[in-house]
Amino acid sequence: MTHPKPRSTYLTTGLLALALTLSGCGTDDSASGSASVPDGWGTLKTKGVSVSYPDGYEEQGAGERSKFNAAAAERTEGGRTVSLITVQLGFTQADSAERAAIAAEAGIQMGADVKGQKEVELAGTDEARRIDFTFKASGEEGGPPEGTPVNGVILTGLDSAERTFQIRIDAQRGKLSDADVRRIVESVEVH
(Lines give C-alpha, C1' and ligand atoms only; values in the text may rest on other atoms or scores of the structure.)
Protein backbone atom coordinates (compact mmCIF):
# COMPACT_ATOMS: atom_id res chain seq x y z
CA MET A 1 0.00 0.00 0.00
CA THR A 2 1.32 3.47 -0.85
CA HIS A 3 0.17 7.00 -0.30
CA PRO A 4 -1.86 8.18 -3.29
CA LYS A 5 -0.08 10.30 -5.84
CA PRO A 6 -2.08 13.57 -5.61
CA ARG A 7 -1.98 15.20 -2.19
CA SER A 8 -5.67 16.06 -2.47
CA THR A 9 -6.55 12.36 -2.48
CA TYR A 10 -4.66 11.26 0.63
CA LEU A 11 -7.86 10.10 2.23
CA THR A 12 -9.32 8.24 -0.71
CA THR A 13 -6.82 5.42 -0.36
CA GLY A 14 -6.92 2.64 2.16
CA LEU A 15 -4.32 4.35 4.30
CA LEU A 16 -4.40 3.54 7.90
CA ALA A 17 -4.02 5.57 11.00
CA LEU A 18 -3.38 5.22 14.66
CA ALA A 19 -5.09 6.01 17.90
CA LEU A 20 -3.44 9.06 19.32
CA THR A 21 -4.17 9.93 22.87
CA LEU A 22 -0.74 11.11 23.77
CA SER A 23 -0.24 14.07 26.00
CA GLY A 24 3.41 14.80 25.24
CA CYS A 25 5.45 14.43 22.08
CA GLY A 26 8.93 15.65 22.89
CA THR A 27 11.46 14.54 25.44
CA ASP A 28 14.40 16.16 27.10
CA ASP A 29 16.55 14.27 24.58
CA SER A 30 14.64 15.74 21.63
CA ALA A 31 14.87 19.22 23.06
CA SER A 32 18.65 18.87 23.36
CA GLY A 33 18.99 17.64 19.77
CA SER A 34 19.37 13.89 20.30
CA ALA A 35 16.57 11.56 19.23
CA SER A 36 15.68 8.45 21.22
CA VAL A 37 15.60 5.16 19.30
CA PRO A 38 14.43 2.01 21.14
CA ASP A 39 16.57 -1.12 20.90
CA GLY A 40 15.61 -3.43 18.04
CA TRP A 41 13.82 -0.77 15.99
CA GLY A 42 14.58 0.00 12.34
CA THR A 43 15.15 3.52 11.03
CA LEU A 44 14.02 5.28 7.86
CA LYS A 45 16.84 7.64 6.87
CA THR A 46 16.48 10.47 4.36
CA LYS A 47 18.41 13.63 3.54
CA GLY A 48 16.12 15.74 5.71
CA VAL A 49 14.84 13.55 8.54
CA SER A 50 15.10 10.12 10.13
CA VAL A 51 12.32 8.26 11.94
CA SER A 52 12.39 4.86 13.61
CA TYR A 53 9.76 2.13 13.52
CA PRO A 54 8.95 -0.86 15.77
CA ASP A 55 9.83 -4.47 15.12
CA GLY A 56 7.34 -6.08 12.71
CA TYR A 57 7.56 -3.37 10.05
CA GLU A 58 9.28 -3.86 6.69
CA GLU A 59 11.00 -0.99 4.93
CA GLN A 60 9.63 -0.46 1.42
CA GLY A 61 12.04 -0.16 -1.49
CA ALA A 62 11.81 2.61 -4.08
CA GLY A 63 9.68 0.40 -6.34
CA GLU A 64 7.20 -0.45 -3.58
CA ARG A 65 6.45 3.00 -2.18
CA SER A 66 4.76 5.99 -3.75
CA LYS A 67 7.10 8.14 -5.83
CA PHE A 68 6.22 11.02 -3.49
CA ASN A 69 7.70 9.20 -0.47
CA ALA A 70 11.42 9.44 0.26
CA ALA A 71 11.06 6.47 2.65
CA ALA A 72 8.34 4.17 3.98
CA ALA A 73 7.87 1.19 6.30
CA GLU A 74 4.73 -0.93 6.62
CA ARG A 75 3.32 -3.63 8.85
CA THR A 76 0.90 -6.17 7.42
CA GLU A 77 -1.48 -8.74 8.88
CA GLY A 78 -3.30 -11.30 6.77
CA GLY A 79 -2.12 -9.68 3.56
CA ARG A 80 -3.46 -6.24 4.50
CA THR A 81 -1.46 -3.22 5.59
CA VAL A 82 -2.33 -2.33 9.18
CA SER A 83 0.28 0.39 9.69
CA LEU A 84 2.34 2.63 7.44
CA ILE A 85 5.02 5.21 8.25
CA THR A 86 6.12 7.50 5.42
CA VAL A 87 8.48 10.43 4.89
CA GLN A 88 8.00 13.11 2.25
CA LEU A 89 10.53 15.84 1.54
CA GLY A 90 9.80 19.14 -0.21
CA PHE A 91 6.05 18.43 -0.29
CA THR A 92 5.27 22.16 -0.39
CA GLN A 93 7.13 25.47 -0.79
CA ALA A 94 6.36 26.64 2.77
CA ASP A 95 8.94 28.76 4.57
CA SER A 96 7.96 27.90 8.16
CA ALA A 97 6.70 24.98 10.19
CA GLU A 98 3.36 26.74 10.59
CA ARG A 99 2.91 27.07 6.83
CA ALA A 100 4.09 23.49 6.27
CA ALA A 101 1.41 22.37 8.74
CA ILE A 102 -1.25 24.35 6.87
CA ALA A 103 -0.23 22.61 3.63
CA ALA A 104 -0.16 19.18 5.30
CA GLU A 105 -3.57 19.75 6.84
CA ALA A 106 -4.97 20.86 3.49
CA GLY A 107 -3.85 17.53 2.05
CA ILE A 108 -6.04 15.58 4.48
CA GLN A 109 -9.08 17.87 4.70
CA MET A 110 -11.35 15.97 2.31
CA GLY A 111 -12.90 13.17 4.32
CA ALA A 112 -10.82 13.59 7.48
CA ASP A 113 -11.75 14.90 10.87
CA VAL A 114 -8.79 16.99 12.01
CA LYS A 115 -8.49 16.65 15.79
CA GLY A 116 -5.94 19.41 16.23
CA GLN A 117 -2.60 20.94 15.44
CA LYS A 118 0.09 21.80 17.97
CA GLU A 119 3.76 22.56 18.32
CA VAL A 120 5.98 19.54 18.92
CA GLU A 121 9.63 19.17 19.87
CA LEU A 122 11.66 17.13 17.39
CA ALA A 123 15.41 16.57 17.67
CA GLY A 124 17.36 18.86 15.36
CA THR A 125 14.80 21.64 14.92
CA ASP A 126 13.33 24.38 17.06
CA GLU A 127 10.08 24.53 15.13
CA ALA A 128 7.79 21.64 14.16
CA ARG A 129 4.07 20.90 14.17
CA ARG A 130 1.91 17.85 14.81
CA ILE A 131 -1.51 17.26 13.25
CA ASP A 132 -3.84 14.56 14.61
CA PHE A 133 -6.74 13.35 12.46
CA THR A 134 -9.21 10.48 11.96
CA PHE A 135 -11.07 9.02 9.00
CA LYS A 136 -12.74 5.83 7.74
CA ALA A 137 -10.73 3.53 5.45
CA SER A 138 -11.82 3.34 1.83
CA GLY A 139 -10.91 -0.35 1.46
CA GLU A 140 -8.57 0.33 -1.47
CA GLU A 141 -5.01 -0.85 -2.16
CA GLY A 142 -4.77 -3.64 0.42
CA GLY A 143 -5.61 -1.47 3.42
CA PRO A 144 -8.27 -2.20 6.02
CA PRO A 145 -11.83 -2.97 4.92
CA GLU A 146 -14.01 -0.07 3.85
CA GLY A 147 -15.36 1.89 6.80
CA THR A 148 -12.72 0.73 9.28
CA PRO A 149 -12.06 3.59 11.74
CA VAL A 150 -8.53 4.93 11.49
CA ASN A 151 -6.58 7.78 13.05
CA GLY A 152 -3.34 9.41 12.01
CA VAL A 153 -0.63 11.87 12.82
CA ILE A 154 1.55 14.09 10.67
CA LEU A 155 4.79 15.66 11.92
CA THR A 156 6.00 18.55 9.77
CA GLY A 157 8.44 21.44 9.59
CA LEU A 158 11.64 22.49 7.81
CA ASP A 159 14.93 20.61 7.69
CA SER A 160 18.38 22.24 7.87
CA ALA A 161 18.22 22.99 4.12
CA GLU A 162 14.94 24.90 4.73
CA ARG A 163 13.06 22.19 2.81
CA THR A 164 9.72 20.97 4.14
CA PHE A 165 9.35 17.46 5.54
CA GLN A 166 6.28 15.47 6.43
CA ILE A 167 6.33 12.27 8.48
CA ARG A 168 3.01 10.49 8.43
CA ILE A 169 2.22 7.66 10.85
CA ASP A 170 -0.88 5.66 9.93
CA ALA A 171 -2.33 2.55 11.54
CA GLN A 172 -5.64 0.81 11.76
CA ARG A 173 -7.16 1.75 15.09
CA GLY A 174 -5.88 -0.56 17.82
CA LYS A 175 -2.93 -1.90 15.79
CA LEU A 176 -0.21 0.37 17.24
CA SER A 177 0.08 1.11 20.96
CA ASP A 178 0.11 4.64 22.31
CA ALA A 179 3.53 3.90 23.82
CA ASP A 180 4.93 2.96 20.40
CA VAL A 181 3.40 6.08 18.83
CA ARG A 182 5.18 8.16 21.47
CA ARG A 183 8.45 6.32 20.79
CA ILE A 184 8.11 6.90 17.04
CA VAL A 185 7.63 10.64 17.60
CA GLU A 186 10.58 10.74 20.00
CA SER A 187 12.78 8.94 17.45
CA VAL A 188 12.44 11.67 14.82
CA GLU A 189 15.64 13.51 14.03
CA VAL A 190 15.71 16.47 11.64
CA HIS A 191 18.93 16.95 9.64
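I need the per residue convex hull volume for the stretch 91-148, using only the alpha carbons, in cubic angstrom as a whole number. Walk me through the numbers on the way to the answer.
Values: hull volume 6.7 nm³, N = 58.
About 116 Å³ per residue, rounded to a whole number.
If packing is taken as the average count of other Cβ atoms within 10 Å, what order do 37-48, 150-161, 64-75 fall into, highest mean first?
Descending mean neighbour count gives 150-161, 64-75, 37-48.
Assuming 0.692 mPa s and 37 °C, estimate D for the stretch 105-191 with Stokes-Einstein, Rh taken as the Kirkwood radius over Cα pairs, in µm²/s.
235 µm²/s
Just the number: Rg to Rh for the stretch 29-116, Cα atoms, Kirkwood Rh, two decimals. All intermediate terms of the calculation are to be shown ahead of the outcome.
Values: Rg = 14.9 Å, Rh = 15.1 Å.
Rg/Rh for the stretch 29-116 comes to 0.99.
What does the convex hull of the Cα atoms of the stretch 41-191 come to per residue, in Å³, rounded to a whole number?
Considering the Cα atoms of the stretch 41-191, their hull volume per residue is 104 Å³.
Tell me, what % of the accessible area of the stretch 102-191 is carbon and sulfur with a 1.4 angstrom probe? Walk me through the numbers before you get to the answer.
On the way: 1590 of 3660 Å².
Whole-percent figure for carbon plus sulfur exposure: 43.
With every protein chain kept in place and ligands, DNA and RNA left out, what is the accessible area per residue of the stretch 32-176? Probe 1.4 Å, answer in Å².
On the way: 6470 Å² over 145 residues.
Solvent-accessible surface per residue comes out at 45 Å².
Run the quick spin-label model on A106 and D39: label points 7 Å from Cα toward the beta carbon, then report their separation in nm to one decimal.
A separation of 4.6 nm, rounded to one decimal place.
Relative to the present Cα-Cα distance, how much length would full extension add between E146 and A62 at 0.36 nm per residue of separation?
Working: separation 84, 0.36 × 84 = 30.24 nm, distance 2.71 nm.
Additional length available on full extension: 27.5 nm.
In whole angstrom, note down how far apart the Cα centers of the stretch 69-85 and the stretch 128-191 are.
Between the Cα centre of the stretch 69-85 and that of the stretch 128-191, the gap is 11 Å.
The values are calculated or read from the model by the stated rules, or taken from the named source; none is laboratory data. Please read all numbers here as calculations on a predicted model, not as lab measurements. Here the Cβ is made from the backbone with ideal geometry for all residues, glycine too, and neighbour counts use every protein chain on show. Areas reflect the complete protein model, heavy atoms only, side chains present, ligands, DNA and RNA absent. Shrake-Rupley method; radii C 1.70, N 1.55, O 1.52, S 1.80 Å.
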